[in-house]
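Step one of this worksheet: look at the structure below.
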Amino acid sequence: MFRLQGSKVLAVDMTGDAVKAKNGSMVAYDGQMAFKKMTGGGEGIRGMVTRRLTGEQMTVMEVRGQGTCWFADRASEINLVSLQGDKLYVESSNLLATDAGLRTGTTFTGLRGASQGNGLFTTTVEGHGQAAIMSDGPAVVLRVSRQYPLTVDPGAYIAHQGNLNQSFQSGVTFRTLFGEGGGEAFQIRFEGDGLVYVQPSERNTIAGDV
Amino acid sequence: MTTYPGAGGPTVYDPMTLPVDDNVNKYTFCVELKGSQWFLQKGKMIAYYGSMEFNGVGHGRLDRLVRTSFHSPLHASDWVVAEGSGKMLLADRAFDVNSYDLEDGNLTIRSGNLLAFQPSLALKQSIVPGFLTLIGTGKFVAASNGPVVFMEPPIRVDPQALVGWADCPSPCHHYDHGYMTGLLGGLRAMTGIGGASGEEHQFEFVGAGTVLLQSSETLMAEQATGVVPHEPGVPGGGGVPTGPSQQAGAPRLPGQLGDLQRRFGL
C-alpha cells in the first residue's frame, strides 16, 4: 500500500509482499525488510539487453518484507499513480517505485523523446497496482478526453497513462531562424482518453531557447 | 469514456475544473484566453487546452499591440504573445508563482521574476538597470523564490531579497558607514576579515507604496532587459560622457595619446 508522507517521501506498508524501487532510494524502514538488486530492472535477459541498447537504463531493487519502508530521491516531489490494467509511460529517471506485480518495459517514443532530450525510448509500467513517479515541483494532472486534446511542452512532460495518441508539433518557421520564434518551437499534442502529468519546471531541451 | 481514479489520488484537472486566471497550485498558474492576448516570457508555458498560437514579439501582425504595450524593443526576443482560446498553464523552474492586479498603478520588478502580463499593462524598462516597470491596469504573473512578502516603507531591504516595488519612487543605496569607515573598516568590508556581517549594504525605500520581498536570498537568473540608448545621462547606457572631468579618475597609461586622441575623435 503506497501512501505519501509529506510530498517528498513515499511510505509503503508491506505484509510479506514486494515493491520494485529505484536503487538506493530507501531512506528508512521498520520491521523486517530484505533488499535485493534486480539485474536489468527485473525484466530478464531480454529486458536487460533492450535497456542497454535503448539507453533507458534503470537500476532497480526489490524490497520484500513486513512493516513500512520509506523512499525518497533528491527531495523530488512524489506523485502516486494507480493503474487498473492500463499502461503508464514514464521516463526511467522519473520512476521511483512500483508494485512488484506491475510489468515494466521499454517502448519507442519517436520524435517526442528526441525533443525532450532524453532519448528515443521511454519506460512503460502496466498491470494493476500503484506506482510512484517523481517531478521537479508537484505535478499537475491533466485529463485528456475526445473533446479536449492537450498540448504540452516537452520539457515539462513527465508521464502519461491511458489510451493516448501523441503527435509532435513543430512551430519552427523562418522567424525562428531570426531569433524571433514563438519560444515554444516543439510541442506534443495528446489526443484520446487518459491523463497527462506535467511538472512546473522545464528540463533543458534542444529546443529550449528556440 | 473511461474514468481514471481521482479519489484518493492527486486532483485531476480538465478544462472545466482548471481555475480561471488563478493558481492551480503554488507553482503553476492557469490563464484563460478567450480570443484575448497575453505577453509571456519565452518557454514558460508548460501545457494548454484549446487552440493557441505563440508568436515572437517581432511578428509583423503584432506591431500595433507591441507599440501600445511593449516599450523595450531591444529585449523583444525574450517575449512572446499568446493568443487564441483555451486554458494555458504557466510555470517557472518550480519557483512560487503568483498573480498581482494593478489598478491604474505602477510596479517595478526584477526582470527575471516577471513571467507574463496582460496587454492592458505597458511594459517599460526601468531606469534602474535590471528592472522592468509595468504601468496601467491589468494582471501580471511573477515568480519568486519562496512566497512574496509585502512591506510598507520606510524600509531598508537586502538587495538579494528585493523582488520589486510599487508606487514608491525613491529606491536608493544605503551603506552602514559607521562600520565601514577608516582603513580598518575598509579592509573589513573588502576581505571579510574581522567580521563583516554581509549586511552592510541595503536598498532603502521611503515614501508611500509597497515593497515586494522574496523569502530567500537566492536570486532568479536575470533576464536581459535590453540595452538602453547610448546617451549621456542614461544610467547603464554605457554612453560614458567624454568630458575631461569624468576621465580624471582613470589612470593614463604611458604611450597613450590621452587628450589628443579624444580631440581628434579617435
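Taking the stated definitions as given, is B:Pro5 part of a loop (DSSP other than H, G, I, E, B) and modelled with pLDDT under 85?
yes
Filter region A:1-26 for residues that are of a type outside the set (Ser, Thr, Tyr) and not in a strand (DSSP E or B) and give the result. Break it down stepwise before answering.
First, pick out the residues of region A:1-26 that are of a type outside the set (Ser, Thr, Tyr): A:1-6, A:8-14, A:16-24, A:26.
Within region A:1-26, A:Met1, A:Gly6, A:Lys8, A:Asn23, A:Gly24 meet the criteria.
Can you say whether A:Thr98 is within 19 Å of the chain's Cα centre (by Cα), crowded, with 17+ Cβ neighbours inside 10 Å, at pLDDT below 90 and within 26 Å of A:Val196 (Cα to Cα), as far as the supplied structure shows? Give the steps one after another, and end with the answer.
On the way: within 19 Å of the chain's Cα centre (by Cα): yes; crowded, with 17+ Cβ neighbours inside 10 Å: yes; at pLDDT below 90: no; within 26 Å of A:Val196 (Cα to Cα): yes.
Judged against the criteria, A:Thr98 is not a match.
Listed here are the residues, each with its yes/no results for (1) at pLDDT 85 or above; (2) under 21 Å from B:Ala161 (Cβ atoms); (3) open to solvent by 20 Å² or more (accessible area, probe 1.4 Å).
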site: B:Gly58; (1), (2), (3): no, no, yes
site: B:Arg61; (1), (2), (3): no, no, yes
site: B:Phe70; (1), (2), (3): no, no, no
site: B:Pro73; (1), (2), (3): no, no, yes
site: B:Trp79; (1), (2), (3): no, no, no
site: B:Phe95; (1), (2), (3): yes, yes, yes
site: B:Phe117; (1), (2), (3): yes, no, no
site: B:Leu123; (1), (2), (3): yes, no, no
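Checked against the criterion of being touching a helix residue (DSSP H, G or I) at 6+ places or on another chain (Cβ under 9 Å) and at pLDDT 80 or above, region A:37-57 has no qualifying residue. For region A:131-144, a residue qualifies if it is open to solvent by less than 10 Å² (accessible area, probe 1.4 Å), touching a Gly at 6+ places or on another chain (Cβ under 9 Å) and without any contact (Cβ under 8 Å) to a residue 60 or more places away in the chain, and exactly one does: A:Val144.
The values are calculated or read from the model by the stated rules, or taken from the named source; none is laboratory data. These numbers come from a predicted model, not from an experiment. Using ideal geometry, Cβ is built from the backbone for each residue, glycine included, and neighbour counts are taken over all protein chains shown. Protein only, heavy atoms only, side chains kept; ligands, DNA and RNA dropped before computing areas. Shrake-Rupley method; radii C 1.70, N 1.55, O 1.52, S 1.80 Å.
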